[in-house]
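Read the figures in this text as sums done on the coordinates, not as results from a lab. All figures in this text were calculated on a predicted structure; none of them were measured in a lab. Cβ placement follows ideal geometry from the backbone for every residue including glycine, while neighbour counts extend to all protein chains displayed.
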2 protein chains.
Amino acid sequence: MTNKDARTPASVQDGTPLETASATSPEAGKSIGWHKAYVEGTRPDLRVPVRQVHLTNGQSVTLYDTSGPYTDPHVDTDVRRGLSPLRENWIISRGDTEEYAGRPVRPEDDGIKHTAPRGGLRNLDAVFPGRPRQPRRGRDGQAVTQLAYARRGEITPEMEFVALRENVSPEVVREEIAAGRAVLPANVNHPEIEPMIIGKRFLVKVNANIGNSAVTSSIEEEVEKMTWATRWGADTVMDLSTGRNIHTTREWVLRNSPVPIGTVPLYQALEKVDGRAEELTWEIYKDTVIEQAEQGVDYMTVHAGVRLAYVPLTANRKTGIVSRGGSIMAAWCLAHHKESFLYEHFEELCEILAAYDVTYSLGDGLRPGSIADANDEAQFAELRTLGELNRIARRFDVQTMIEGPGHVPMHKIKENIDLQQEICDEAPFYTLGPLTTDVAPAYDHITSGIGAAMIAWWGTAMLCYVTPKEHLGLPNRDDVKTGVITYKIAAHAADLAKGHPGAQEWDDALSDARFEFRWEDQFNLALDPDTAREFHDETLPAEPAKTAHFCSMCGPKFCSMKISQDIRREHGGSRTEIEEGMAQKSKEFAAAGNRVYLPLAD
Amino acid sequence: MTNKDARTPASVQDGTPLETASATSPEAGKSIGWHKAYVEGTRPDLRVPVRQVHLTNGQSVTLYDTSGPYTDPHVDTDVRRGLSPLRENWIISRGDTEEYAGRPVRPEDDGIKHTAPRGGLRNLDAVFPGRPRQPRRGRDGQAVTQLAYARRGEITPEMEFVALRENVSPEVVREEIAAGRAVLPANVNHPEIEPMIIGKRFLVKVNANIGNSAVTSSIEEEVEKMTWATRWGADTVMDLSTGRNIHTTREWVLRNSPVPIGTVPLYQALEKVDGRAEELTWEIYKDTVIEQAEQGVDYMTVHAGVRLAYVPLTANRKTGIVSRGGSIMAAWCLAHHKESFLYEHFEELCEILAAYDVTYSLGDGLRPGSIADANDEAQFAELRTLGELNRIARRFDVQTMIEGPGHVPMHKIKENIDLQQEICDEAPFYTLGPLTTDVAPAYDHITSGIGAAMIAWWGTAMLCYVTPKEHLGLPNRDDVKTGVITYKIAAHAADLAKGHPGAQEWDDALSDARFEFRWEDQFNLALDPDTAREFHDETLPAEPAKTAHFCSMCGPKFCSMKISQDIRREHGGSRTEIEEGMAQKSKEFAAAGNRVYLPLAD
């Protein structure tokens, strides 16, 4: 074994990565630590980033990397300029899109319709200072979606990119997308992304939510939150901004994001009508969707399944409707006593999304907000409608995933994924948790991490993270990190349980490092090397074997492991040989002083 | 609904608790907050503690309470005096035990055999300054165990106590114990405990490990860790102390503990032979077991399943033997090339344990220490031996539970509990986690909390907590709390999934408080009220509806919930009435200004 590669693209195994020295590792300069590297595809502009961990024993492990160019010291990033448009040539060379003038940016896009902004009206032509760009869309109403290409049998550079990332063949990627079992969210106006795929056949993905609030955060802070979340492994980011500067914030986030960005256009539409749900119209909503599609939003949550007839189904719930989008649409339906305009105009919406390759995330506006409401009639009525809408979206070649709950006790989780897969023709499921109990506010990353791991094992393709502040307040930087790490654990535990090829090699590499007391390797292989190192240094004294009673495997000498190692080394792999060698071993052990070096806990 | 009681003993529902005002609640003096209360049984000295949460709407919720007299402001506790011996009269009045002189305490019991103690030799007669006591044991070798009583059809006060705690009939408790499906660990020399039960028919329990280390902690700190762990919900505590003052530390912990205390006698036995495993003998081990039984240890981990023949089965493992007890016994077996003395003397050990009612926790010395080693031949070979030993223990009327892993990926967890239940005749399973991935050191409370919740749902009776410091170092106070809270979440999520009677009422009470924006009630009902309150105050400004974008349900007004509430209130429970009322509702909504107060996240 010369190269222990978890999730290893073939060309890394062939020894051809373009490797770049990293300045981010505390071990930079030494031969160990981790470094940003790239795997080249069939064309020079197709370079898949990986995190290469160099071990003290000379081996290396290659890990999936979501952190974008920010962790590459050879790339000079500048948030005012934005990331370079990696996919631009791929999109242009397909020849099926066109640039156009685009919808003019209006003051109300930034939520300043009715109030005088402090410091005078913004210069809306300078929403973002980076390279000038015009929006792009499919020519003549063509569907320029990865789904359309996949169905036609085309393997796009995006598909090849994710195939290398996932260590599968490009044809598998194409097939999964063509069948609607996976989505590759990649708006033609977001050429900056490093393509990724969401589907049960692939690694489980994690979404992190960010979003400005007029009171507490600035545009720069939102960009920083996005890079921070992807630094720890967020595969996509949803910008749930409301209030002021909503358009401008999104522009900055998009231009700087290496991962797909999702939004809920309904939030901005509601801002445009000053928060009065009944004043929402299809036209205002449609205008907002186009505005966001032109900016490059990769997937949009659309609560088109909240139909008028379902609102009464929530009447006897313990916690009613807890989805923001769901409540807005329920309020609209009640105010007008009419069917949802999203449901009524769904086909028209499909046409718009197809022209930019915006992926649907069909929202679960009636998801349960408490254990008591899990798997009820309202929830599943909406799910059946989402199944119907999914089939319509496919007709229009629009990529689609389905959102799921919420608060669900463990014994009711499997029904959610099984029903969703059946009703929605195996479209990717994208769930929030679910939270497996309501009693632990301040720990809902954990209550939900439990449910998330389980539902991902059973087939959920992407998990929306929950932070410790859920139900209580705004997450800070630490909360975002804790949420992402918790969900990466859930996702990886699911990858293991699903038997994802290569997933266990990561665990094996870390366990080998443990068995051999290679502490630096353990840290560098850890999901969170910084905290692992900090905890170790904080509490493990110089002579760990004497002190650590709660730590299962630490310490410089571990008799039981040594015994196992010795037996293995001296007697080969055969059980019989080992048994024959045991009496001999017994003598040697006595000769060596019979000293037992203790493991450090039981 | 006048009294929403989660896990409510019948007599609380009857309104007969002896309630005591609490000084520990920040709301003391007001009518809300939480208070220590007691439920009386059939005799005046049988009082079951509960945590009574008083809500702002006048209702109250009764929760299981493990915190002991320390949270009762009417009880004057003093760690130098110890807790009052609640069970003493019950034990004496059974008339089947006798006091006796007991084994003399020796210097080596405190690990000071070969080194001169600083400050001179301790006064071993004054190991603990509290009331003088003599050890007690069964007369004439009688088994004075709850199992023996249960089999005879006797319902002891201990059984009645746990029946009230669990809200089941005493006969159910007796039956489960008699069948060996539950244990009630209660050494006759530990009269201070508030009895509790461990079995799949009952609430899932959580154990917290403590233990001194010569370098970092004092006796007082261990007592403090024990009260801290039980304060947050630990149902039992294992004292894994090694090194100096091991006997004295245990004495202080026992005399002050309201929960059963578990130990691994092998650790102390090894100290007595200066850490040389090959010098261990049955006599030294037996002496240590008697020493600890006389002190009052309620359950003991015994690694009698690590047989000589199984050691080679670990040869090809990725991480060998990771259990401390397992490695000690493997080293002994190899050194002598003989069968384990624990296995050979198991029947004699049963006789000793039966005389004190010490419960077996049959240790899994060959548990997997990595994902790669899960469910292997070594692990299951030992499990089969534990099944054999369990049947022997039952012959001697010794209560028995079985320990389980370890590191197990999600898809291999269920096999563990299913096999254990089958092989061990449904004896209670007591598992460490399992950790569902190896890649997240510093977050192993979470990697293992996922596995713990699942295996508890499927029938594990008690979970041994894991702290964030697992694999890295010694847990501090915060780590102990985080470990306990994480495992209480796992246990409660499992109670919900198992449909434990009353479990969901706790969630319902908290969700009702959320729906009605009763913030103080949410905090007081939370598993960790302090952190929930702190997070809320830290980030939620005065006008929460405007700011909290990541918080699903906070804020003073929540339109969708209000709509649900209005519909429910105005149109009763009938769906038809509600549908008929919708047009009317629509008009009212418009008349009220159509204002949508937003929920705070989606």
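Residues whose amide H comes within less than 5 Å of that of residue B:97, counting only those at least five positions distant or on another chain, are B:139 (H built at 1.01 Å from N in the peptide plane). Ordered by the count of other Cβ atoms within 10 Å of each Cβ, fewest first, A:136, A:533, A:151 give A:151, A:533, A:136.
Using the Karplus relation 6.51 cos²θ - 1.76 cosθ + 1.60 with θ = phi - 60°, the per-residue 3J(HN,Hα) values for segment A:143-158 come to 7, 9, 9, 4, 5, 4, 5, 4, 5, 6, x, 8, 9, 7, x, 4 Hz, with x marking Gly and Pro.
Pairs from the list A:225/A:488; B:205/B:481; A:414/B:200; A:414/A:481; A:414/A:498 with a Cα-Cα gap above 19 Å: A:414/B:200; A:414/A:481. Near the amide H of residue B:432, within less than 5 Å, lie the amide hydrogens of B:404, B:406, B:464, all on another chain or at least 5 residues away, with H placed in the peptide plane.
Viscosity 0.890 mPa s, temperature 25 °C: what is the translational diffusion coefficient of segment A:285-424 from Stokes-Einstein with a Kirkwood Rh over Cα pairs, rounded to a whole number of µm²/s?
The Stokes-Einstein estimate is 161 µm²/s.
Set against the 2.2 N^0.38 Å expectation for a compact globular protein, segment B:264-321 has a Cα radius of gyration ratio of 1.33. Over all pairs of different C-alpha atoms, segment B:221-293 has a mean inverse distance whose reciprocal, the Kirkwood radius, equals 13.0 Å.
Whole-Hz Karplus values for segment B:353-370 come out as 4, 5, 6, 10, 6, 8, 8, 6, 10, 6, x, 9, x, 10, 5, x, x, 7 Hz, taken residue by residue from phi with 6.51 cos²θ - 1.76 cosθ + 1.60 and θ = phi - 60°; glycine and proline positions read x.
Taking the Kirkwood radius as Rh and the Cα radius of gyration as Rg, segment A:217-375 has a ratio of Rg/Rh equal to 0.98. The share of C-alpha pairs in segment A:480-524 whose separation exceeds 12 Å stands at 66 percent.
Could you give the C-alpha radius of gyration of segment A:132-250 expressed as a fraction of 2.2 N^0.38 Å, taking N as the number of residues it contains?
1.22
Each copy carries residue B:339; placing its label point 7 Å along the C-beta direction from Cα gives inter-copy distances of 7.8 nm, listed from smallest up. Between identical copies, the spacing of residue A:175 label points, each set 7 Å from Cα toward the C-beta atom, reads 5.3 nm from nearest to farthest.
Residues whose amide H comes within less than 5 Å of that of residue B:209, counting only those at least five positions distant or on another chain, are B:238, B:465 (H built at 1.01 Å from N in the peptide plane). A point 7 Å from Cα along Cα→Cβ stands in for residue A:44, and the other copies hold the same point at 9.5 nm, listed in rising order. Sorting A:202, A:523, A:346 from the fewest to the most surrounding beta carbons within 10 angstrom yields A:346, A:202, A:523.
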